[in-house]
Structures are given as C-alpha cells and as structure tokens.
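**Q** Sending over a structure as structure tokens; questions will come in a sec.
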Amino acid sequence: MTTTTAPRPTVPAQRRALARMTLVEGRLLLRDPSVMFFSLLFPALLLTVLGLAMPWADEPYDSEDPFLSQISGITGYTSIVLSLAIATVALSTYPATIATYRQRGVLRRLSTTPVGPGRLLVAQVLVNLVALLAAAALAVTVGLVVLDVSAPSQPLLLLGVFVLAVLAVFAMGSLVAALAPTAAAANGWGMTLYFVSLFFAGVWLPLPIMPDVVQDIATWLPLGAASQAMTAAWVGQPFPTTQVLVLAAWTLLATPVAARLFRWS
C-alpha cells in the first residue's frame, strides 16, 4: 500500500497565500471599530487632549534635570505616548486575536492545510505592525503640527529604539498569545501586563518625578526601558546603553520561548 502526500506549494504560491492572508487580516482589522480606535487613533487623541487641556503641557518636563528642563512637558510625554501605542497593539490586540483563532479552531484547521498556521501568525504581525506604524506616525505628526512639540534631537536613534521596543514588547505579547487558551484569558493576561507596563512607562505619572526605585524597576522592563530610551533619543540625552541592552535581551529571550511554548489548539 502506498501513501500520497499533498504537493508542497511553490515559493510564488506561498508568497501569494501570505499576501492574500495579510489582506484578509487587514480587512478584518478595519471592520472592527474598537480595534481601529485603540490601535490607530487613541495615541494621537490622548496626546492632543493632554497637550491642549493640561496646564503642565507647556511647563518644563523636569525642572531639576539639565536636559529635561529645556523641553516642554508635552514634548517629554510624546515618547511615552509612543510606548503606549506599542503596548496597545502588542499586548492587547495581537494576543487576543491569536487566542480567538485558537479558541475557534482556526489554527487547528489551518495546520492541516498547505497554507499552514505559520502564515496566519506572520500576517497578524504584519497587519499589527502597519497599524502601529500608522498610529505612531499620526501621534508624532499631531504633536509636531498641532501641539508645537520639539522635533527629536536624534531621529535615527529614536527610530532604532522604536523598532527594538516593538520587537521586545511583541515578544512579550507572543508569550501571552502562545499560552492563552481562550480570548478571555488572553484579554485578562494581556490587559494585566498592559496596565502594569503603562505604569512603568510613565503614562499616568512621568518617570522623572517618580521615586528612584520605580525608575530603576522600569529600566529592566520592556516598556519602561523603551520609554526611557525614546525620551533620551528625543531630548538628546546620552546613548541609553542599559535600556537598549534590556530591550535586546527581552527580544532574544522571549521570542524563542514563545515559539517553543506555542499551542496550535
């Protein structure tokens, strides 16, 4: 008795399948108003409201710091909003979507087809990255044009740190996506990480005015390190070596662990 196996798709066919799946995932994201609002619009809206309504927006970000005293509060807060944008997509939208697919059996069914669930994950990451880049670009544009935020002192370093922060926080979100059995579990785990991370990123109270112990803890967490490093790049502080190494370490450690623990069903 002989057995037959399905022919393996050619490379062009694999690329077409990934492109089609990415397009479908993008359409699904655009059809969800809540995801659209929090992934794309919320960071820019938050920055605008704070910049126009808060009295501290035009005051020095930190009057005791020689660097931070030269910028406005809203300029210092812009890098924090970028951290919030990263966390919203990586810790909320992304793991909840993957867990929903797992709960509904989508991953299990795809694993039996030539398409495979791996392309679904790649498509999800690509769609969420596009949404994140759009949200960050919108927030920065609003800050520069509407709120008179100062331009970044080291734009290339800011871009590099932003990309590294995306990788590190997505790695943490992938751990949730890898293990959460249901969408409810992914929401619970992801939102817990989300709000804790926002605290250490300085969303509710800027890090420079927090106690030293909080700032020290934040340095070793992905979003806290991202917020500190992006602020340093924005205002022209010395190269944030420790924060960059922390982000790289989280990426290199969490990504393979998430891949190892990932459950298809």
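The values are calculated or read from the model by the stated rules, or taken from the named source; none is laboratory data. Bear in mind the structure is a predicted one, so any value in this text is a computation, not a measurement. With ideal geometry, Cβ positions are generated from the backbone for all residues, glycine too; neighbour counts draw on all protein chains shown. The accessibility values were calculated without ligands, DNA or RNA, using every heavy atom of the protein model including side chains. Shrake-Rupley method; radii C 1.70, N 1.55, O 1.52, S 1.80 Å.
**Q** Which of the following residues is open to solvent by less than 10 Å² (accessible area, probe 1.4 Å), closer than 23 Å to LEU221 by Cα and either in contact with a strand residue (DSSP E or B) (Cβ under 8 Å, 6 or more places away or on another chain) or at pLDDT below 90 (or both): ALA178, ALA165, ALA171?
**A** Checking each option against the conditions leaves just ALA178.
**Q** Tell me which helices (runs of 4 or more DSSP H) are completely within the stretch 159-248 and hold 1 or more residues being of a type in the set (Gly, Ala, Ser) and closer than 28 Å to ALA123 by Cβ, or say none if there are none.
**A** On the way: elements: 183-201, 212-219, 222-235.
Fully inside the stretch 159-248 and qualifying: 183-201, 222-235.
**Q** Right, here's the next one. Can you tell me which residue within the stretch 50-81, out of those that are within 16 Å of VAL142 (Cβ to Cβ) and of a type in the set (A, V, I, L, M, F, W, C), is surrounded by the most Cβ atoms within 10 Å (Cβ to Cβ)?
**A** VAL81
**Q** Separate question: Looking at the stretch 211-223 only, could you name the residues that are open to solvent by less than 10 Å² (accessible area, probe 1.4 Å) and under 19 Å from GLY73 (Cβ atoms)? Full working, then the answer.
**A** Taking the stretch 211-223 first, the residues open to solvent by less than 10 Å² (accessible area, probe 1.4 Å) are 218, 222-223.
Matches in the stretch 211-223: ALA218 only.
**Q** Now for a different question. Name the residues in the stretch 47-63 that are touching a residue at least 60 places away in the same chain (Cβ under 8 Å) and not small (Gly, Ala, Ser), would you?
**A** LEU47, THR48, LEU52, TYR61, ASP62
**Q** For ASP58, all conditions in the list (1) modelled with pLDDT of 85 or more; (2) farther than 20 Å from LEU198 by Cα hold save one; what is the number of the exception?
**A** Every condition holds for ASP58 apart from (1).
**Q** For the subset of the stretch 97-111 comprising residues that are of a type in the set (Lys, Arg) and in contact (Cβ under 8 Å) with a residue 60 or more places away in the chain, which member is surrounded by the most Cβ atoms within 10 Å (Cβ to Cβ)?
**A** Ranking the candidates gives ARG102 first.
**Q** Contact list please: Cβ distance under 7 Å, first residue in the stretch 138-149 and part of a loop (DSSP other than H, G, I, E, B) and among the acidic types (Asp, Glu), second residue at pLDDT 90 or above and open to solvent by 40 Å² or more (accessible area, probe 1.4 Å), pairs at least six apart or on different chains.
**A** none
**Q** Can you find a residue that is in a loop (DSSP other than H, G, I, E, B), at pLDDT below 90 and at negative phi anywhere in the stretch 94-109?
**A** If we filter the stretch 94-109 for residues that are in a loop (DSSP other than H, G, I, E, B), which is where we start, we get 104-105.
Now restrict to residues that are at pLDDT below 90: 104-105.
Now narrow it down to the ones that are at negative phi: 104.
Within the stretch 94-109, one or more residues are in a loop (DSSP other than H, G, I, E, B), at pLDDT below 90 and at negative phi.
**Q** Can you tell me which residues in the stretch 231-265 are in contact with a Phe, Trp or Tyr (Cβ under 8 Å, 6 or more places away or on another chain) and of a type in the set (S, T, N, Q)?
**A** Answer for the stretch 231-265, where residues must be in contact with a Phe, Trp or Tyr (Cβ under 8 Å, 6 or more places away or on another chain) and of a type in the set (S, T, N, Q): just GLN237.
**Q** Let me ask you something else. Just one of ALA185, ALA226 is within 18 Å of the chain's Cα centre (by Cα) and either acidic (Asp, Glu) or open to solvent by less than 70 Å² (accessible area, probe 1.4 Å) (or both); which is it?
**A** When all the criteria are applied, what remains is ALA226.
**Q** Then there's this: Select from the stretch 145-174 the residues that are within 21 Å of VAL35 (Cα to Cα), of a type outside the set (Phe, Trp, Tyr) and in contact with a Phe, Trp or Tyr (Cβ under 9 Å, 6 or more places away or on another chain) and list them in ascending order.
**A** LEU167, VAL169, ALA171, MET172, GLY173, SER174
**Q** Got a number for residues in the stretch 229-265 being open to solvent by 50 Å² or more (accessible area, probe 1.4 Å) and more than 29 Å from ALA183 (Cβ to Cβ)?
**A** Keep residues of the stretch 229-265 that are open to solvent by 50 Å² or more (accessible area, probe 1.4 Å), which gives 238-239, 241-242, 245, 250, 252-253, 255-257, 259-261, 263-265.
Going one step further and asking which of them are more than 29 Å from ALA183 (Cβ to Cβ), we end up with 238-239, 241-242, 245.
The number of residues fulfilling the criteria is 5.
**Q** Checking TRP204 against (1) open to solvent by less than 20 Å² (accessible area, probe 1.4 Å); (2) touching a Leu at 6+ places or on another chain (Cβ under 8 Å); (3) without any contact (Cβ under 8 Å) to a residue 12 or more places away in the chain; (4) not β-branched (Val, Ile, Thr), which test does it fail?
**A** Among (1) open to solvent by less than 20 Å² (accessible area, probe 1.4 Å); (2) touching a Leu at 6+ places or on another chain (Cβ under 8 Å); (3) without any contact (Cβ under 8 Å) to a residue 12 or more places away in the chain; (4) not β-branched (Val, Ile, Thr), the lone unmet condition for TRP204 is (1).
**Q** Yes or no: the stretch 162-182 includes at least one residue that is out of contact with any Gly (no Cβ under 6 Å at 6 or more places or on another chain) and closer than 17 Å to ALA44 by Cβ.
**A** yes
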